[in-house]
Structure formats: structure tokens, C-alpha cells
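> Okay, here's the structure, questions in a sec.
The values are calculated or read from the model by the stated rules, or taken from the named source; none is laboratory data. Just so it is clear, the structure is predicted and the values come from calculations on it, not from any experiment. Cβ: placed from backbone, ideal geometry, glycine included. Neighbour counts: every protein chain shown.
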Amino acid sequence: MTMDRDSLREELGQPGEAASSKSIRELDAHCERFLALSPFAVVSTADARGHTDASPRGGPPGFIRMLSPTRVAFGELPGNRLFDGGQNLAENPYAALLVMVPGVIETLRIEGPAHLSQDEEVREAAAIDGRIPWGALVIDVEAAFTHCGKAFKRSRLWEPESWPERDTRPRMGAVIADHMKQPGPVERGAEPGPDLTAEEVQADLDESYVTRLWEF
């Protein structure tokens, strides 16, 4: 059963006063400090049909630049060249960021109208280690707020002693090789990909981390 807004509120009640009042329209010094320390975020977009994409973004701490109290930007790298988020923004120019700092269980959430920019000044402001990206994802801040750390407390994400043993962790070469043998989503081509071994895929993946980590 799909719940509407009224049913959801009836079931769960109203948020507390603190939760309701913590969202701000402009980034302040606290947000600026959080961004300066963050090396990782997840950016969420959706296309015109509502199909969503959540993609990790990473770089040196502070790679997400606070251009002004109402605007942030970060350099976009080619990556796998699927450009799911960029294509979504062309249809639905809105994005949300979940910004993380290692060891901090609270997160910073930023959302608002967004676009890809190739403006020279913006690209320079979003430089990574002095290198200018081909473009930058810009978000005009409509709302920003901190999110409590209960999920991180429950998951123990920052506690190394809770991590799975190395030999039990997924081996991505095997995962990707098996997935490539299966039909993919229709919009990306339903036919299976090339028949590569797990070793071949893993070797290419490892090589990309060494020679293609910072493709601009």
C-alpha cells in the first residue's frame, strides 16, 4: 500500500520543533567549515520521469567549494562517461548533496536548483589540486541542514573494528564481470556486454585507479 502525505503524518506524527527549524536558506560559517573538511559526498538527481540517480563524489577535503552563501560547486570528472546526473539535470535542474566528514557521524545536506557549468571562473574556482575540470556542477542553495548521526551510529561505519574481514569483501572484478553478462536496463541497451573474465575486469579496474583516477 502506498501512503499519501496525510497517512504518513497520521502514522508517524509531526517532526519536533528542532528538526523543523534547523533548515537554513544560506550557508553559514558552520557549513563552510564542514565543506572545507569534507572529502566525500553523494549527489542525487532525477530525470523528467522521476527516475533517480545517486552518485558518489570525492576529492581532497574542500573539493566542494562554497562560492557564496547561496551557491556551491565542485568539479565534474569524466568517470565512466555515463553522465547520468548531468543528463538528469538537463531534464530536471535540481540536485541534493549529502556531505560527509570522516569520523563525524552527522552529515550536511544541501539542495536546490542545479546545473552543469563550463564558465571559466566557476571551473577555476572548482579546481582540484590546481587542475581545472572540464565543467562544474553548481547548486544554488535552496535549503541546507545537518542530519543527525543515528544511521552512522547504527552502522558503525567509521569504526574499523566493525568492518568485514578482507577475504569476505566483494571482489568487484567478479561482480562486474557477472553483471556484464546479464541484459541491462532498456534505456542503456538491453543486450549483455562483452564476455570478460573476472581477472580481466579487475586488472582494468586496478589500472584505472592508478592511471585514470584524475581524468580531466
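> Would a scan of the stretch 95-113 turn up a residue that is surrounded by fewer than 16 Cβ atoms within 10 Å (Cβ to Cβ), modelled with pLDDT of 95 or more and among the small types (Gly, Ala, Ser)?
yes
> Considering the stretch 9-28 alone, what residues qualify as being under 21 Å from Met100 (Cβ atoms), part of a loop (DSSP other than H, G, I, E, B) and either of a type outside the set (Ser, Thr, Tyr) or touching a Lys or Arg at 6+ places or on another chain (Cβ under 8 Å) (or both)?
If the condition is that a residue be under 21 Å from Met100 (Cβ atoms), part of a loop (DSSP other than H, G, I, E, B) and either of a type outside the set (Ser, Thr, Tyr) or touching a Lys or Arg at 6+ places or on another chain (Cβ under 8 Å) (or both), then Lys22, Leu27, Asp28 are the ones that fit.
> Which of the residues spanning the stretch 29-73 are touching a helix residue (DSSP H, G or I) at 6+ places or on another chain (Cβ under 7 Å), small (Gly, Ala, Ser) and not in a strand (DSSP E or B)?
Ala48, Gly62
So that you can scan it fast, the table gives a plain yes or no per residue for (1) in the same structural domain as Phe74 (by TED's automatic domain parsing); (2) assigned to a helix (DSSP H, G or I); (3) more than 26 Å from the chain's Cα centre (by Cα):
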{"position": "Ala174", "(1), (2), (3)": "no, yes, no"}
{"position": "Ala177", "(1), (2), (3)": "no, yes, no"}
{"position": "Gly184", "(1), (2), (3)": "no, no, no"}
{"position": "Pro192", "(1), (2), (3)": "no, no, yes"}
{"position": "Asp195", "(1), (2), (3)": "no, no, yes"}
{"position": "Val201", "(1), (2), (3)": "no, yes, no"}
{"position": "Leu205", "(1), (2), (3)": "no, yes, no"}
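> Now for a different question. Kindly list, by first and then second residue, each pair from a residue in the stretch 113-141 that is farther than 15 Å from Val43 by Cβ to a residue that is of a type in the set (Lys, Arg) and assigned to a strand (DSSP E or B), limited to pairs with Cβ atoms under 6 Å and residues at least 6 apart or on different chains.
Cβ pairs passing all conditions: Ala125/Arg65.
Yes/no per residue for (1) assigned by TED's automatic domain parsing to the domain that holds Pro113; (2) under 27 Å from Leu205 (Cβ atoms); (3) not aromatic (Phe, Trp, Tyr):
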position: Leu12; (1), (2), (3): no, no, yes
position: Cys31; (1), (2), (3): yes, no, yes
position: Ser38; (1), (2), (3): yes, yes, yes
position: Ala41; (1), (2), (3): yes, yes, yes
position: Gly50; (1), (2), (3): yes, no, yes
position: Ala54; (1), (2), (3): yes, yes, yes
position: Val72; (1), (2), (3): yes, no, yes
position: Gly85; (1), (2), (3): yes, yes, yes
position: Leu89; (1), (2), (3): yes, no, yes
